[in-house]
Amino acid sequence: MDKTTALKKYFGYDSFRPLQAEIIDQILDKKDALVLMPTGGGKSICFQVPAMVMDGLTVVISPLIALMKDQVESLRANGIKASFLNSSISNDEQDAVFWAAKMGELKLLYIAPEKLFSGNMVENFKNLNITLFAIDESHCISSWGHDFRPEYRQLAIIKNEFPDVPVVALTATADKVTRRDICKQLQIPEENTYISSFDRPNISLEVLPGRKRLQQIQSFLNKVPNQSGIIYCLSRRSTETVAESLNKMGFKAEAYHAGISSEKRSRIQENFINDDTPIIVATIAFGMGIDKSNVRWIIHYNMPSNVESFYQEIGRAGRDGTPAQTTLFYSFADIITRTDMIKSSELPQEQKELMLAKLDRMKQYAEANICRRRILISYFNEDIGKDCGNCDVCKNPRKKFEATVIAQKALSAISRTQEKIALTMLVDILRGSRNQSVIRHGYDQLPTFGVGKDLKSEVWVDYILQLLNYGAFDIAYDEGHTFKLNEVSRQILKGQRKVEISEYISPSERQAAEEELLKRAPSKTEQVKGELFEKLRVLRKQIADAIGSPAYIVFSDATLVDMASKKPITKSQFLEVSGVGQEKFKRFGEAFMKEIFEFVNQNKEIASRMGKGLTQAVTFQMYQDGFSVEEIAQQRSIAQSTVISHLIKMKEDGNEIDLTKLIDSWDLNAIGDAAKELKVKKGDALKPLFEHFEGNVGYEKIRLALWLLDLA
Ligand code: ADP
Ligand code: ZN
């Protein structure tokens, strides 16, 4: 089977997203790869499709036990043999899973790293026919990443133990340093790195001042009833108070944090996944293990600690690609709390500085005057080339001016100091401050020394940070936060690219602007989902409850949206819906087609708007449900001959239907003879034949006979 066939058959998708096909080819070529894609970008397909195309077993290493269960369940719903090994299952169960793997009965096996390195598992694995290792959340291997896990470090031995098995490492969050570290440790050649766009245009971005937060949340929630969402808080205590307040306001919300017993936590999580509890108020402990595609909004009640975490957290919204909304509440008090937390921690000094610098980038995001998506995307060393139009800054733009010359001054200072300086020194050089450090390095001799005397230092700081956020240069956290030139810098320096930034706003001016913003209701992406979507959603929930699975395992929101717009009522139409593969058609197709059919049948207006294709499909569906041609004609108020034409059309479209049953051989022969006698040819009118039989043989029979005799 080739990769495209596997994609359609098992996952129901027609085409690969950018880079998926290249990555899969690389793996099928037995080469290693590092894959960087944002959450919801479609990483899983990159190893799940090769797993189905290749013989043997794909081993997926994942640190998240809850995620494992979900992924295995989704795979099984798609008719794929998968299982997992981790501490949540008994020894007997583990033996059974291992045996199944050994017998070649599994295509994918998920395992937690601590399990892989326990006992003599690695040796045992050598007896399996492993064709691929996929290492999910691979940034956990690096202490430069934001989620370092010591047990992941051991994965460095995989290449030594299994030199012939290709390794694909995947992550949603890795800056340059982390990326290089992952490659080094897993022995993946750096040039085999695939970075897909980190842009998630369906997620709207918004920062609001962190005042009267509950009130703001209340007015937001009133606008999005029944939608699933997560509110992230900094402390356990605040998750509880916020959840309580929301309950008092009449919203169904539950708090979730690491202090809650693990049974209760998994119950809360299940309720969220199953759409029983729409709102979770959580610390960051929530979400890591969640693969729910219909989370519609995320609110950060407090400031996140870094851009990676923030992006990963908001990335949990809108995984299905349909519009999702995110809001960050920004308050300076949060920054101070976070700063104190870092400073008073037990971490080594170097690590503390790294975390403070990362917090600072988060602060810059919140304070930004330029398109917020640009900032997020440039953080991942990408350039989206235009403003997004789906963030609050784009929607309420601040006054901008052309700052190419300002940028050139800063960039040339960075260049002339061999990219060895950080923010403070850069400002000192530009402003011509003759302090000790400047003089010691001889920077006062540079031609750029003092070229920015005209601007105050806080203005320079603001502009430089805007330029950094714009992507005009990079910052190297592992080299004392020094500034590094990139491709965009070179274009600006050569005068090939113009830069616009926003005018400096003093803290008091900002305060006034925030007050203004607070008065305005937040603008929200419109939700285009109709009545049918709601019906399908209810049906999905019923089915999910009946089979004891989360709703999204049945179908994602994106699939329901596509289904509600295509309104399929036949097999071939149903298989055209994005996200419907063979297995899901078999298991759920009938129930959904019936629901759609009923909906369409009751809505004559919709039916007529959908035109011929639909009316034919309705006839076909009724015929399949056991109605006779006469009954269909009666119920639908159409001629019997029209019913026959519909069925003929459906047959021609490849649907299974035995038309010979509808006419006996005597009629068939008689019509055939008469047609010959009257020399009726393809496309002729039926009236002469009808008159020939003096009205005793109906038009529907004549039409059917001519078609069956190939005379129609
Ligand atoms: P990640 O692991 O990167 O967070 P997933 O693999 O869970 O993302 O994919 C996110 C969503 O996108 C899933 O619902 C998945 O089925 C869907 N998806 C992935 N690849 C495609 C594709 N080629 N076409 C359509 N949908 C896709
Ligand atoms: Zn924007």
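The values are calculated or read from the model by the stated rules, or taken from the named source; none is laboratory data. Quantities reported herein were computed from a predicted structural model and do not represent experimental measurements. Please note: Cβ atoms are built from the backbone with ideal geometry, for glycine as well, and neighbour counts cover all protein chains shown.
Brief remarks on what is shown
- The residue of region 310-333 that is nearest to ligand 1 (Cβ to nearest atom), among those that are among the polar types (S, T, N, Q) and farther than 16 Å from Ile377 by Cβ, is Thr322.
- Residue within region 227-244 that is within 16 Å of ligand 1 (Cβ to nearest atom), in the same structural domain as Arg319 (by TED's automatic domain parsing), farther than 30 Å from Lys31 by Cα and not in a loop (DSSP other than H, G, I, E, B) present: yes
- Selection of region 529-543 for residues being surrounded by fewer than 19 Cβ atoms within 10 Å (Cβ to Cβ) and over 15 Å from Ala558 (Cβ atoms) yields Gly530, Glu531, Glu534, Lys535, Val538, Lys541, Gln542, Ile543.
- With respect to being at pLDDT 85 or above and surrounded by fewer than 17 Cβ atoms within 10 Å (Cβ to Cβ), Ile632 falls outside the description.
- Test: residue in region 500-507 that is modelled with pLDDT of 90 or more and surrounded by 19 or more Cβ atoms within 10 Å (Cβ to Cβ): no
- Count of region 387-446 residues, restricted to those that are part of a helix (DSSP H, G or I), within 16 Å of ligand 2 (Cβ to nearest atom) and touching a Leu at 6+ places or on another chain (Cβ under 8 Å), is 1.
- Some residue of region 263-279 being away from ligand 1 (no atom under 16 Å from the Cβ), surrounded by 19 or more Cβ atoms within 10 Å (Cβ to Cβ) and in a strand (DSSP E or B): yes
- Among the residues of region 544-564, not one is surrounded by fewer than 18 Cβ atoms within 10 Å (Cβ to Cβ), in contact (Cβ under 8 Å) with a residue 12 or more places away in the chain and either among the small types (Gly, Ala, Ser) or in a loop (DSSP other than H, G, I, E, B) (or both).
- Annotation: of all residues in region 303-333 being in a loop (DSSP other than H, G, I, E, B) and either modelled with pLDDT of 95 or more or aliphatic (A, V, I, L, M) (or both), the one that is nearest to the chain's Cα centre (by Cα) is Ala317.
- Subset of region 4-35 that is in contact with an Asp or Glu (Cβ under 9 Å, 6 or more places away or on another chain) and part of a helix (DSSP H, G or I) - its residue that is nearest to ligand 1 (Cβ to nearest atom): Leu7
- Taking the listed residues Leu205, Leu186, Leu214, Leu234, the one that is within 19 Å of Ala317 (Cβ to Cβ) and of a type in the set (A, V, I, L, M) is Leu205, with no other qualifying.
- All positions within region 132-154 that are surrounded by fewer than 23 Cβ atoms within 10 Å (Cβ to Cβ) and small (Gly, Ala, Ser): Ser143
- Note on region 191-225: among residues that are among the charged types (D, E, K, R) and touching a residue at least 60 places away in the same chain (Cβ under 8 Å), the one that is surrounded by the most Cβ atoms within 10 Å (Cβ to Cβ) is Arg200.
- Screening Ile375, Ile299 for residues that are buried (at least 19 other Cβ atoms within 10 Å of the Cβ), within 27 Å of the chain's Cα centre (by Cα), over 30 Å from Ala403 (Cβ atoms) and more than 16 Å from ligand 1 (Cβ to nearest atom) leaves exactly one candidate, Ile299.
- Residues in region 118-155 that are more than 29 Å from the chain's Cα centre (by Cα) and of a type in the set (A, V, I, L, M) were compared, and the one that is nearest to Asp55 (Cα to Cα) is Leu128.
- Selection count, region 420-443, where residues are touching a helix residue (DSSP H, G or I) at 6+ places or on another chain (Cβ under 9 Å), among the charged types (D, E, K, R) and either modelled with pLDDT of 95 or more or within 17 Å of Gly480 (Cβ to Cβ) (or both): 3
- Selection count where residues are buried (at least 20 other Cβ atoms within 10 Å of the Cβ) and closer than 16 Å to His139 by Cβ, scope region 61-79: 3
- For region 655-710, a tally of residues being closer than 27 Å to Ser572 by Cβ and crowded, with 17+ Cβ neighbours inside 10 Å returns 10.
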